[in-house]
Each structure stands twice: as C-alpha cells, then as structure tokens.
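The values are calculated or read from the model by the stated rules, or taken from the named source; none is laboratory data. Nothing here was measured: the structure is a model prediction, and the numbers come from that model. Cβ sites come from the backbone with ideal geometry, for glycine too, and all protein chains shown count toward neighbours. Quick note on the areas: whole protein, heavy atoms, side chains included, nothing else; ligands and nucleic acids left out. Shrake-Rupley method; radii C 1.70, N 1.55, O 1.52, S 1.80 Å.
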Amino acid sequence: MHSKGQRREGWTLREEALWLAAIRAGDESAFTSVVERYQSPIARYLRRLVGETALAEDLTQETFLKAYVAIIQTDSELALRPWLYRIATNEARMHFRRRRLIRFLPFLAERHDAGAPPAEEGLAERDQVRRALARLPEEYREALLLYLVEGFKHHEVGAILAISGEAARKRVARGSEMFRKAYAELEGGRR
Amino acid sequence: MRCDDLQGLLTGLVAGDLTPAQEEFVRLHLQGCARCQTAYAGLLQTRRQLSLLADERYQPQLGPRVSRAMERHRARRAVIAWSARSLRAAGVLTAVALVFGLLLWQQGPDLRSAGPAAPPAYMVVGRELMELDLANRSSRAVKLSHGYGTLHPGGLVIAGPGVYRLDPPDLLEPEVVPLDPLKLGPGMISYANFPSALTIRDGPVAWTVKSTSRPRQTGTGLPTMESGFRLDRINLETGEVEEDPVWKAGHGLAAALSPDGRHLYLLARLDGDTGLFVKVIDTRTRELVDAHRPTAGFGPLSRLLISTDGDRLFLLDQGRLLSIDLKRGAVLLDREEPELTAQAALSPDATQLVTARPDGGLALWDAATGEPLRLIEGRRYRSLTWQGDWLYAAHDAGLDLVSPTSLRMTSSMEMELEGDPLIYVP
C-alpha cells in the first residue's frame, strides 16, 4: 500500500521546472536526463498495458519523442510524471485503435532474461493476473494500473485519462469488479 | 449513501487516497455492511494480485533510441520546411496540396454534416477549452495555462489557482483572474465535471459552496467533526474571495442558482442522516431561509434544475422526479419512473424535460405531469443542455445536436470525452 507520505518515482516540482527550463533553452542533455529518469516506469506501465515488451519499448520511444516536441513548443507549466503517463496512455490507445484486436502474449522472454526464476507457483499466478487484466477493456485496464500499481491519486488518474477524479474512482471500482470476474473465470477454466 | 455509490470510496480506502473524514465515514459504513465488506476484501485481493506485476528488474535503456528518433524528427521537419519554401516558388496550388496533406496527420474532431444554425457550445476537454460550432463545421480550442480545468455553470473555468471568465465577444479569449490559493476550497474543484457544479457564475461574481467542518461535542464527551459549508463570494474582476462568516450544517452535493441570482438552492446531506435536503440560501445575507426534504430515492448524483421564472425546482435521479413550487413550498410532482435519470435538461419555458435513458437514447417528459411524451433509443448520453431550440447532448465519443421535438440527432462532432462534461451554451 502506498502511504500518502511516500515519495514516488520522479523529481520534485521544483526540480522538474528546472529541467523543463533547460530543455526549452536548448539543452538536449537535460532531456536525456528526463528520459533516463522516467524510461523504466513508463516502459513498465506500457508493458503491463499492451502485454508485449518490444511494443512497449516502441511506444515508450514515441512517448518521449512527443514529450520533447511538446515541451519545446509550449511554455506552460507541466507536472512531468502524470503528463508523461498521459502521453504514454494515448500512445497505447492509438496502437489499440490501429490494431483493432488485442492479443496477449505471456512474457516468455523474461523467464529466460531474468536472473533466478521465481517460484513456479508465483509465476503461474502472475501470468493469470496478466491474462485477467488483458480481458478488460482498455479504459478500465488503464485506470486500474495507474491507480493500484503506479500509485497515482484519483485526481491524477483523472488528469491522465482526461476525466474527472470522481469518474476515475468509478472506473477503478468497475475495473476491479471486472478484473475479479475475469480472474475467477480463468481460475475456473484452469481447474 | 447507497452501497453502489460507495464503491469509488472503497477503492480510495484500499489505495490510501481518502481524506480523514472520508476514511472515517467509509470505515463506519463497513462496520455495518456485509456487502461492502465483501467488496472491500475483493479490492484488497485485486491490489495484491496487481502488485505481482511490479517488475523492477526490467530496466530498458532507451536513451539512444529516443535520441535517434529525435534526430529523424528534426530531419523530417527540415525537409518539410525546405519543401514549403520550394513550393512557394513553384506555385500556390501545390503548396495548398502539401498543407492539406499535413493537416491529415493531425487528430482533431471529426466533423459530420452540419445542422441548421445553432449557437456554438463550450466544453472543457482535458487541458483545453473547446468551442464546438456544429452549424459551421468548425471547432477552436485554447490550452488552459494552468493545466487541467473544469467548466462551471454561467461560463467559468477553474484551472489551478485561477479562473477564466468566458465573455463575449470571444469566449476563447478569456480573462484570467488569479485567486488566493489559500481561499480556494474543495467546493471549487470537486464535482466540477457534474452538471450541477458547486461553483456558479452570476455575471461579475461567482458563488462557491465551500466544504468545511467544525468540532462537535457528543453526549459521551468524545468530540467528533461536523460537516458544514460556507457560501463564499468571488469578485470576478479583482479575484477577491469574500468568505462567508455564517457556518451552515450539511455537505453540499449539487447546486443551482435562481435566475435572478437572489437564491442558491443546495442539495445537501446532514451528518448522521441518510436523507437529503434542498437548502435555500439568500445570497444577500447568506443565511438559510428555507429547506425542503425530498422523499427517498435521491442521492449525491441527483440533478437540480430551476425553471427560468424561478418558481419551480426539479430534482432528478435514477428512476425519480420531484418538482417543488418554490413560492408555496409545495410538492407539485413526485414520480417514480424507471426511464428517468439524473442526466436531464429543462426546456426554456419549463414545460418539458429531456432525460438520457439508462440503456441509451433520450426521453421527453411533460414537466407538469411527469408523463412520458416520447422515447427513442440511441447513444448513452452523459450530460444534456437545452438552449433555445436546441438540445446539446454529450456522450463518450463526442457531442450531438438534437432536435428537442423529435429527439433525433441533427449533427454531431466526434472527440474523446470522459466523465459528465458540462456543456455551456451562452
């Protein structure tokens, strides 16, 4: 559980403002620092959302490219972390729209890439969680991941998904119900 | 509060995302509700399972890829700029073809056939204030300088520490009025995407229902907190917030202003009382002058509407309609009807109501008798605004212009919308 006082990944608002000012002044190494700071959380989020590592990395690349273009073209204030997640979410949505079909591929590659593999039982449950999540419509999957995994507050989830904070809460609640139902169906099919 | 309404707060409890007052309220409810206890346990299980997806070992190194992508982007822009210069030399017609091709890259509202002349509508979508002119097949947007904003009745956008006044001649060149952030309360922001927002503009001022609380001694000697509200007045010329010195009991859920601006009607709940009240507040003195107690069936998402003559109040929720004569304080209509919802709009002459149907489509009602006049199937609408001869109806995929007599869509604009966006038609 993420407590209210816990500092999540990312910089303070003041640090972010300094990096943004540097980027707008033409300092590309400042943007490189932004990429280094946020590439892992963004890529992990996209990987959970789209279910494929290579695709997630492509979408992460596009996220940062769009972020760079937007930063140098505007001078408005930005809360960098939720803003990057919003771009990433939109990239995933555009991908889904283009593909029209969502296929879930288990992360078989990581079982070979990782160090000592986790216990078989835990891995099976994790795969089942991923499969259940993949059964959800995209908008509910996004909300669940942002709220319960990435640790955003409900009003931040609303800002990322361009909905109200209250609508975000409702979407998480509904998404949780749908997830539990999907998980139970998969559990029933396994036995 | 009904259990269905509590689901969102249960997820907040799981995530540690509630205020102390909310957490106390939810835990008290859980003590006596087996259904919500089961739902809460399910949410804890969901969170545990989703936490299995955390994979800190995955550390992609995408810096070089992003750098190469940025170089390709710059090279592409240079080619486009060079092409534009060459084509200007080559001729105007060729340049027009290139610009058209570039426009196809952009994503914007998809415009379908335009209807007859209807005034443009204004909505806040994400970080933009949009003007949607369905008659002329055009849209404009401005970025809110303070980030995500919310549109409020009367033509007001609240974004961060400032408000934008939407005024003629061009509502997309709004005046920004900074406010003292210490004087902003949750009432200015919360429920802002619901049609009955708690901040309402009345010309040069705005009224905002600001939630507050105060200690209350109980019979056991243990102090608790009592929910209340104040009605603050905002001067939209200077940004000065005049705080209400009179504390009033209750937690505000929805508000509407009388057409003459003299009374604010607030749907409120009192601590320890499962029912609701419609409180009537005199805006000159900011004192409570009357209260109405609706029968059961209304909740925090109810919609409050006032007739343009200020004589009647309508309260709508899922399956319920209540109409009150405000001069006599008498209930005119109290109706249960499954096709009713809180997504509602009142005709300018207050003789008819249009509501979104729960399973999609629209319903037209006689506002005096509550009898249905017409039912059609269609989209699931999230909010409705009736202005003159036109009904503006927002759904997940955009905004429709609907004929209030036939309830048929006459034109539409597509864009991604979420929540229950307020539609402002001046």
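Hey, if we sort A:176, B:67 by accessible area with the 1.4 Å probe, largest down, what's the order?
Of A:176, B:67, the descending order of accessible area is B:67, A:176.
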**OP:** Considering Cα pairs under 8 angstrom that are at least six residues apart, work out the relative contact order of the stretch B:272-384 and quote it in whole percent.
**Re:** 15
**OP:** Give the interface area between chains B and A as buried accessible surface, both sides summed, probe 1.4 Å, in Å² to the nearest 100.
**Re:** 5200
**OP:** At 1.4 Å probe size, with no ligands or nucleic acids counted, give the accessible surface of residue A:72 in Å², nearest ten.
**Re:** 80
Original post:
At a probe radius of 1.4 Å, what is the per-residue accessible area of residue B:5, in Å² to the nearest 10?
Top reply: 40
Subject >> Residue-level accessible surface for residue B:265, protein heavy atoms, 1.4 Å, Å² >> reply: 10
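How do A:75, B:260 stack up against each other in accessible area, from largest to smallest, with a 1.4 angstrom probe? Write out the running numbers ahead of the final one.
On the way: A:75 135, B:260 100 Å².
Listed by decreasing accessible area, they come as A:75, B:260.
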Subject >> Per-pair calculated FRET efficiency, R0 = 30 Å: residue B:396 and residue A:33 via Cβ, rounded to 0.05 >> reply: 0.20
Subject >> Entries of A:66/B:210; A:170/B:210; A:170/B:327; A:153/B:279; B:143/B:279 with Cα pairs more than 28 Å apart >> reply: A:66/B:210; A:170/B:327; A:153/B:279; B:143/B:279
**OP:** Considering only protein heavy atoms, with the full assembly of protein chains and a 1.4 angstrom probe, order A:19, B:386 by accessible area, largest first.
**Re:** A:19, B:386
Original post:
With each pseudo-label sitting 7 Å past Cα toward Cβ, what's the residue B:260-residue B:128 distance in nm, one decimal?
Top reply: 4.2
Original post:
Using unit Cβ charges (K, R positive; D, E negative) and no other charged atoms, how large, in debye to the nearest 20, is the dipole of the stretch B:327-377 about its Cα centre?
Top reply: 280
**OP:** Between beta-carbons, use under 14 Å as the cut-off and find the net charge around residue B:204, counting Lys and Arg +1, Asp and Glu -1.
**Re:** -3
**OP:** Could you pull out every residue, at least 5 positions away or on a different chain, whose amide H is within less than 5 Å of the one on residue B:202? Hs are placed 1.01 Å off N in the peptide plane, and Pro or chain starts have none.
**Re:** B:207
Original post:
What FRET efficiency, computed as 1/(1 + (r/R0)^6) with R0 = 22 Å and r the Cβ-Cβ distance, is obtained for residue B:270 and residue B:325, rounded to the nearest 0.05?
Top reply: 0.40
Original post:
Label points 7 Å out from Cα along the Cβ direction at residue B:225 and residue B:34: separation in nm?
Top reply: 3.2
Original post:
Between residue B:371 and residue B:68, what length comes free when the chain is fully extended (0.36 nm per residue of separation minus the Cα-Cα distance, one decimal in nm)?
Top reply: 102.5 nm
Original post:
Exactly which trypsin sites (Lys or Arg not before Pro) in the stretch B:5-80 are in a DSSP loop and have at most 13 other Cβ atoms within 10 Å?
Top reply: B:57
Subject >> Members of the stretch A:58-86 that become less accessible by 50 Å² or more once partner protein chains are added (1.4 angstrom probe, chain alone as reference) >> reply: A:61, A:65
**OP:** Can you pull the one-decimal nm distance between simple spin-label points at residue B:380 and residue A:181, each 7 Å off the Cα toward Cβ?
**Re:** 1.2
Original post:
Using modelled amide H (1.01 Å from N, peptide plane; none on Pro or chain starts), what sits under 5 Å from the amide H of residue B:411, excluding residues fewer than 5 places away?
Top reply: B:401
**OP:** Net charge near residue B:172: determine it from the other residues with C-beta under 13 Å of the C-beta of residue B:172, scoring Lys and Arg +1 and Asp and Glu -1.
**Re:** -4
